[in-house]
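See below for the structure under consideration.
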Amino acid sequence: MRVSSIYRRVIRIGEKSIGITLPKRWLDVLSVGVGDVVEISLVGKVIVVKPVTQVGGETNEVTISLGGSIDETTRVIIASYIEGYDNVEVIGQKDVIRKAFSSVEKKLPGSLMLEGDGSVLIKVATSETNVDLNEVINSMANILNSMFSKFIDYLETNKEDLLKEVLELDDQMDKLYFLALRTIKKLSFRDPKRAIDDTIVVKNLEHAADALDRLSNAFMRVQATQCRHEISEKLRDVWTYIMKAVYSYLDNSINNALKVLLDRERMLNNMLELANMGCTGLSGLLTASIHEGQLMVALAADIAEAAFSRHVRSIAKPARIVTGEELNSEE
């Protein structure tokens with residue numbers, strides 16, 4: 001790799017800032033212009049400046065030839081979005097591509113479809129540098145909170161429209177989930193370990209929303225008349241439990257994370273008590289409620305574990321590196 005170097009004088013910018021200028025030819029090589037975002041790091045006694053969107057790494061465009069079904073095409077489009085591609089050229093049957101894109105367009109923020117002579121170009125205009133991942137995770141938590149609230153209200157009022165609202169909220173959750181994964185993928189080089197924890201949290205939030213989605217569909221198919229109150233009470237506990245886990249991560253609260261982990265066994269056994277309620281004719285719904293409730297307990301515990309990892313990194317001190325001079329002096 002060819003190394004270029006120049007000398008620049010440090011200059012004053014405004015009243016409180018200082019800076020240096022960079023050669024335009026260097027910026028052209030990196031495709032960095034006025035208004036673009038760069039990351040500045042201090043590595044030892046070296047200052048490193050690198051573009052947030054790393055042009056020298058993975059290409060931001062991909063061409064994919066497809067001859068499969070709508071389901072396959074849909075999954076390829078979603079995967080390309082999450083992987084961070086801004087231009088996805090899809091070659092295949094246009095009617096299949098259209099139907100596939102239409103089915104997921106609302107879940108992929110900033111995406112649009114442009115048709116050419118022999119292919120379809122899917123462009124993504126979302127800028128990950130403007131996305132605050134904590135805000136996205138907080139929004140996902142708020143949506144999950146609303147889904148629980150509406151599902152519990154349904155169990156207590158039997159208003160089926162509330163279940164439909166739960167399903168609609170799950171679509172919103174999917175939208176934030178895909179945006180979060182895309183953002184994590186493209187910006188993970190900043191803090192790879194944090195990216196792993198963020199991925200665990202957003203995936204588990206989405207899985208918890210899916211669990212409520214499945215329960216809502218199950219209750220729409222079977223109109224339960226018994227044990228609604230009992231199911232409501234058990235899921236209300238799960239609701240409190242998983243939200244405590246999420247906010248232990250967002251607030252970096254190690255005490256709440258510990259409470260979640262210590263309470264996991266009790267919560268799992270608590271859901272099992274539904275099996276002994278004696279509700280005749282509701283074995284399928286009870287089984288579904290127990291399964292999904294215990295799944296959400298496990299998801300909450302995983303989030304609490306991620307909170308612990310995040311906390312440890314925040315308090316850990318880097319190991320001190322012994323210099324050669326110190327080693328020689330000891331000898």
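Can you give me the number of residues within the stretch 219-228 that are in a helix (DSSP H, G or I) and open to solvent by 60 Å² or more (accessible area, probe 1.4 Å)?
Within the stretch 219-228, residues that are in a helix (DSSP H, G or I) and open to solvent by 60 Å² or more (accessible area, probe 1.4 Å) number 1.
Quick check on Leu167: is it of a type in the set (A, V, I, L, M), surrounded by fewer than 19 Cβ atoms within 10 Å (Cβ to Cβ) and outside any helix (DSSP H, G or I)?
no
Going by what's in this entry, would Ser216 be described as in a helix (DSSP H, G or I), at pLDDT 95 or above and touching a Lys or Arg at 6+ places or on another chain (Cβ under 9 Å)? Give the steps one after another, and end with the answer.
Values: in a helix (DSSP H, G or I): yes; at pLDDT 95 or above: yes; touching a Lys or Arg at 6+ places or on another chain (Cβ under 9 Å): yes.
So Ser216 passes the test.
Is one or more of the residues making up the stretch 52-63 part of a helix (DSSP H, G or I) and at pLDDT 85 or above?
Taking the stretch 52-63 and keeping what is part of a helix (DSSP H, G or I), we get none.
No.
Hey, among Ile97, Ile82, Ile137, Ile77, which residue is β-branched (Val, Ile, Thr), within 27 Å of Ala208 (Cα to Cα), more than 15 Å from the chain's Cα centre (by Cα) and at pLDDT 90 or above?
Result of the check over Ile97, Ile82, Ile137, Ile77: Ile77.
What residue, among those in the stretch 63-118 that are among the polar types (S, T, N, Q) and surrounded by fewer than 18 Cβ atoms within 10 Å (Cβ to Cβ), is farthest from Val136 (Cα to Cα)?
Step by step, filter the stretch 63-118, then rank; the result is Gln93.
Quick one: which of Ile184, Ile231 is under 23 Å from Glu273 (Cα atoms) and buried (at least 18 other Cβ atoms within 10 Å of the Cβ)? Let's see the steps before the verdict.
Working: Ile184 fails: under 23 Å from Glu273 (Cα atoms).
Criteria check complete, one pass: Ile231.
Give me a count of the residues in the stretch 85-115 that are free of Cβ contacts under 8 Å to residues at least 24 places away in the same chain and in contact with a strand residue (DSSP E or B) (Cβ under 9 Å, 6 or more places away or on another chain).
Just the residues of the stretch 85-115 that are free of Cβ contacts under 8 Å to residues at least 24 places away in the same chain, to begin with: 95, 98, 102, 105, 110, 112-115.
Okay, now just the ones that are also in contact with a strand residue (DSSP E or B) (Cβ under 9 Å, 6 or more places away or on another chain), so 98, 102, 105, 110, 112-115.
Qualifying residue count, the stretch 85-115: 8.
Taking the stated definitions as given, is Ser216 open to solvent by less than 70 Å² (accessible area, probe 1.4 Å) and touching a Phe, Trp or Tyr at 6+ places or on another chain (Cβ under 9 Å)?
Yes, satisfied.
Suppose the filter is farther than 29 Å from Ser127 by Cα and either in a helix (DSSP H, G or I) or open to solvent by less than 70 Å² (accessible area, probe 1.4 Å) (or both); does Tyr154 pass it?
The answer is yes for Tyr154.
For the stretch 104-135, which residues satisfy the criterion of being touching a Ser or Thr at 6+ places or on another chain (Cβ under 7 Å) and either among the hydrophobic types (A, V, I, L, M, F, W, C) or under 14 Å from Gln172 (Cα atoms) (or both)?
Correct list: Val104, Glu105, Pro109, Ile122, Val124, Val131, Leu133.
State whether the residues of the stretch 146-158 include one that is at pLDDT 95 or above and within 16 Å of the chain's Cα centre (by Cα).
Among the residues of the stretch 146-158, not one is at pLDDT 95 or above and within 16 Å of the chain's Cα centre (by Cα), which makes the answer no.
Residue check, Asn134 against (1) open to solvent by 50 Å² or more (accessible area, probe 1.4 Å); (2) more than 24 Å from Met243 (Cα to Cα); (3) touching a residue at least 24 places away in the same chain (Cβ under 8 Å), all met but one. Which one?
It is condition (2) that Asn134 fails.
Of the residues in the stretch 241-299, how many are small (Gly, Ala, Ser) and surrounded by fewer than 19 Cβ atoms within 10 Å (Cβ to Cβ)?
Going through the stretch 241-299 one residue at a time, the tally reaches 7.
The values are calculated or read from the model by the stated rules, or taken from the named source; none is laboratory data. Bear in mind that the values here come from a model prediction, so they are computed numbers and not experimental data. All Cβ positions, glycine included, derive from the backbone under ideal geometry; neighbour counts span all protein chains shown. Note: areas computed on protein heavy atoms with side chains; ligands, DNA, RNA excluded. Shrake-Rupley method; radii C 1.70, N 1.55, O 1.52, S 1.80 Å.
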